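Have a look at the structure below before the remarks.
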Amino acid sequence: LGLLYQEYRDKSTRQEIETRRLQDSQTDPEESSPSEEIPSEAEPTSTTESKAPPQISLLRNSNSRFNLWQDLPEIRSSGILSILQPDEIKLQEAMFELVTSEASYYKSLNLLVSHFMENERLKKILHPSEAHILFSNVLDVMAVSERFLLDLEQRVEENIVISDVCDIVYQHTVNHFSVYITYVSNQTYQERAYKQLLQDKPAFREVISQLELDPKCKGLSFSSFLILPFQRITRLKLLVQNILKKVEEKSDRETTALDAHKELETVVKACNEGVRKMSRTEQMISIQKKLEFKIKSVPIISHSRWLLKQGELQQMNGPKTSRTLRTKKLFREIYLFLFNDLLVICRQIPGDKYQVFDSAPRGLLRVEELEDQGQSLANVFILRLLENADDREASYMLKASSQSEMKRWMISLAPNRRTKFVSFTSRLVDCPQIQCVHPYLAQEPDELSLELADVLNILDKTDDGWIFGERLHDQERGWFPSSMGEEILNPKIRAQNLKECFRVHKSDDSQRRKLGSRNRQ
């Protein structure tokens with residue numbers, strides 16, 4: 001707990017990576033030490049009752065650096081470790097990590113407020129409206145974290161063996177965690193305001209640099225404090241997943257963990273949607289201004305439309321039958337804007353404008369990869385519009401700059417097209433998997449941002465170093481460089497990861513089945 005949340009989180013995820021590396025190198029997952037954080041299916045015995053414990057001092061002592069529940073002096077001296085089953089110890093560790101990480105998070109939030117937000121020099125530099133955009137409702141977020149932490153501390157101090165924490169998570173998520181949606185939805189404006197202030201106000205830049213150098217910040221940047229709430233609400237969902245994997249099936253603790261996970265997932269989705277909505281609206285307005293229609297105009301801006309991919313491709317001149325290098329210029333440039341429901345095909349014209357000459361609903365697109373036809377036709381695919389702007393079928397032979405770019409366009413244009421490997425949602429017994437060992441920030445709309453220790457199914461890969469993956473904990477899909485991860489080679493670990501994933505999302509599956517049944521009726 002002497003660690004700030006950024007340090008705690010980094011240490012925890014790196015430990016998770018090392019544990020998986022150890023598991024992956026073993027032939028039997030069960031060979032790992034029971035004290036390690038292992039994402040394994042657990043069927044622990046019922047919690048052992050004990051006498052009223054001495055007060056656990058960990059949460060009161062800011063200098064304490066205990067990492068594990070079983071390392072607490074109170075636990076070691078109680079003799080409880082010789083009574084509990086190994087699976088129950090793993091569960092205790094998972095619940096204890098949720099509590100200690102919240103304490104570390106609250107400490108970092110408190111530093112953001114006391115050290116940065118309430119700094120007198122900073123207050124004089126910032127206009128109230130600038131301060132509001134920069135810090136948003138962080139005071140509400142901190143108050144919610146404090147109340148949450150107090151309830152968690154009280155539960156830990158009730159008994160040496162923690163009975164449950166997911167019931168507390170559930171109550172606070174339902175009643176208080178909406179403050180996270182407000183904070184995270186402001187993220188786009190917050191980032192922009194921060195960059196603008198650094199650029200326009202040298203005094204602001206100077207004060208922030210001085211505050212960052214304070215030993216309290218431990219070398220961490222101001223922006224790393226601003227992003228804490230979004231990181232925490234996402235991590236909290238993963239910590240509940242970790243508990244859910246370890247509780248006994250069909251138990252009360254499984255029910256509360258599933259309920260807590262479902263509510264957290266709702267909040268996380270609302271946070272993500274809040275961020276996307278802000279940036280998408282501005283992006284659509286910007287694109288609309290750049291388009292000039294040679295065909296009948298199509299209204300681009302819609303509250304239910306967003307950009308999936310844009311970029312330049314080479315279109316082959318002439319009909320498909322005249323594939324010859326004798327042509328003076330075999331290909332010419334075209335520019336595509338692909339939205340979630342619409343494809344717009346353009347040519348770039350002077351003044352950073354695009355002239356639209358064809359379009360089609362995304363659901364009426366088909367793609368076909370050409371067989372290897374030599375270097376001149378490498379990375380070429382056929383795009384068919386079953387019904388274009390003239391209400392007829394049209395075909396385009398398109399060339400991408402690389403194999404990965406070709407595959408990325410094909411998957412974006414026709415998302416239901418079968419990939420090289422099948423998604424885990426098909427209940428496949430085995431599928432290639434990778435764990436993230438370097439964080440990655442998406443650069444394009446079809447890419448996926450990765451956090452350390454994320455585990456993904458590999459759906460497709462290219463020879464030039466890109467992977468199309470599906471993250472297990474939230475089923476988000478996207479492309480990322482293969483250098484960001486390490487492939488999980490042990491088939492038992494891959495099967496175990498899938499099994500845990502199905503268990504975590506089984507409540508979602510039952511909801512989908514119920515919905516499907518109602519629709520059929």
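The values are calculated or read from the model by the stated rules, or taken from the named source; none is laboratory data. In this text the structure is predicted, and so the values were computed from the model without any measurement. FYI the Cβ positions are ideal-geometry reconstructions off the backbone, even for glycines, and counts take in every protein chain you see. When the accessible area is computed, the model is the full protein with side chains, heavy atoms only, and any ligands, DNA or RNA have been set aside. Shrake-Rupley method; radii C 1.70, N 1.55, O 1.52, S 1.80 Å.
Here are some notes:
- Being under 26 Å from Glu18 (Cβ atoms) and modelled with pLDDT of 95 or more is a property that Leu448 has.
- Given (1) modelled with pLDDT of 95 or more; (2) charged (D, E, K, R); (3) farther than 27 Å from Ser404 by Cβ, number of the condition Asp390 does not satisfy: (1)
- Verdict on Gln443 being modelled with pLDDT under 95, in contact with an Asp or Glu (Cβ under 9 Å, 6 or more places away or on another chain) and open to solvent by 40 Å² or more (accessible area, probe 1.4 Å): no
- Qualifying residues in the range 167-179 (those that are more than 25 Å from Leu91 (Cα to Cα) and surrounded by fewer than 18 Cβ atoms within 10 Å (Cβ to Cβ)) - the one nearest to the chain's Cα centre (by Cα): Ser178
- Test: residue in the range 198-218 that is touching a Leu at 6+ places or on another chain (Cβ under 7 Å), more than 19 Å from Ser104 (Cβ to Cβ) and either of a type in the set (A, V, I, L, M) or surrounded by fewer than 17 Cβ atoms within 10 Å (Cβ to Cβ) (or both): yes
- Residue match in the range 460-467 (condition: outside the structural domain of Leu342 (by the TED database), at pLDDT 95 or above, among the β-branched types (Val, Ile, Thr) and not in a helix (DSSP H, G or I)): yes
- The single condition among (1) farther than 22 Å from Leu198 by Cβ; (2) out of contact with any Cys (no Cβ under 9 Å at 6 or more places or on another chain); (3) open to solvent by less than 30 Å² (accessible area, probe 1.4 Å) that Val113 does not satisfy is (1).
- Selected residue (only one of Asp167, Asp200 is charged (D, E, K, R) and under 30 Å from Leu72 (Cα atoms)): Asp167
- Close contacts from the range 333-361, counting a first residue that is in contact (Cβ under 8 Å) with a residue 60 or more places away in the chain and a second that is basic (Lys, Arg) and in a strand (DSSP E or B), with Cβ to Cβ under 9 Å and a gap of 6+ residues or different chains, come to Ile334/Arg347; Leu336/Lys309; Leu338/Lys309; Tyr354/Arg347; Gln355/Arg347; Val356/Arg347; Phe357/Arg347.
- Residue in the range 195-213 that is hydrophobic (A, V, I, L, M, F, W, C) and within 24 Å of the chain's Cα centre (by Cα) present: no
- The residues on offer are Asp140, Asp151, Asp164, and the sole one that is surrounded by 14 or more Cβ atoms within 10 Å (Cβ to Cβ), within 25 Å of the chain's Cα centre (by Cα), over 20 Å from Ala203 (Cβ atoms) and assigned by the TED database to the domain that holds Ile243 is Asp140.
- Residue count for the range 272-308, restricted to those that are open to solvent by less than 20 Å² (accessible area, probe 1.4 Å) and touching a Pro at 6+ places or on another chain (Cβ under 9 Å): 1.
- Among the residues of the range 126-137, those that are open to solvent by less than 40 Å² (accessible area, probe 1.4 Å) and farther than 19 Å from Gln231 by Cα comprise Leu126, Ala131.
- Options Glu88, Glu7, Glu16; residue that is surrounded by 12 or more Cβ atoms within 10 Å (Cβ to Cβ), at pLDDT 85 or above and assigned by the TED database to the domain that holds Gln241: Glu88
- All conditions but one from (1) modelled with pLDDT under 95; (2) part of a helix (DSSP H, G or I); (3) of a type outside the set (A, V, I, L, M, F, W, C) apply to Lys250; the one that does not is (2).
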